[in-house]
Amino acid sequence: QQPASQTVAVGGNASFTVSATGTPPLNYQWSVNGTNLPAATNSLLLLTNVQPAAAGSYAVSVANAFGSLLSSNAELTVGAPPAILVQPASQTVAVGGNASFTVTATGTPPLSYQWSVNGTNLPAATNSLLLLTNVQPAAAGSYAVSVANAFGSLLSSNAELTVGAPPAILVQPASQTVAVGGDASFTVSATGTPPLNYQW
């Protein structure tokens, strides 16, 4: 039985085994990418706390007094769980404008993405970029993205979307007549995302 290829996560364990027959004693020597591994002289090769540098082609030479034989290659793939390099950033947009959130992540592909707002997944929001068009006040909230692959998943930090309303005048200033030397006052009542600035 030839050693079998396998995929493990970073920090996991990997084991290769070979089953061979022939006149005993049988001697074993494991190699990776053609280089012999010290003390790897059993039918079982166990690798612990595997790191990315351990990835490669493993094979074993089986020998006795009458000859030697090299096994087929068994590929070790070391998978990295997702890591977020650039978190999505908070932003403020006007009502009717566009907003976009993006995340930059690394890890063994393929990576999958799922965006959420206030903890609720957004349908079809499964790319590294989330684009919101014609934003309305109801879209305001905390946006985050879950990045996943075969080796784990990771939730980004929250990015706040603030939707700003332009000024609207509720009560216009009223015309008035005053006597010479008297006082006049004009007032306006307005709404919109604060702070509001006034210039008469």
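Please treat every number below as a calculation from the coordinates, not as lab data. The structure presented is a predicted model; accordingly, all values stated were derived computationally and were not measured. Reconstructed Cβ throughout: ideal geometry from the backbone, glycine too, with neighbour counts over all protein chains shown.
Maximal additional length on extending the SER43-THR193 stretch stands at 46.8 nm, based on 0.36 nm per residue less the C-alpha distance. The Cα-based radius of gyration and maximum Cα-Cα distance (Dmax) for segment 1-68 are 12.7, 40 Å. Counting only Cα atoms, segment 58-136 measures 83, 22, 18 Å along its principal axes, largest extent leading. Here the extension length gained between ALA20 and VAL95 equals 19.8 nm, from 0.36 nm per residue of separation less the Cα-Cα distance. Listed options for Cα extents along the principal axes in Å are (1) 58, 45, 43; (2) 124, 29, 21; (3) 62, 44, 32. The value calculated from this structure is the one marked (2). Once the chain from GLN51 to VAL86 is taken as fully extended at 0.36 nm per residue, the excess over their C-alpha distance is 10.2 nm. Applying 1/(1 + (r/R0)^6) with r as the Cβ-Cβ distance of ALA165 and ALA4 and R0 = 45 angstrom yields a FRET efficiency of 0.15.
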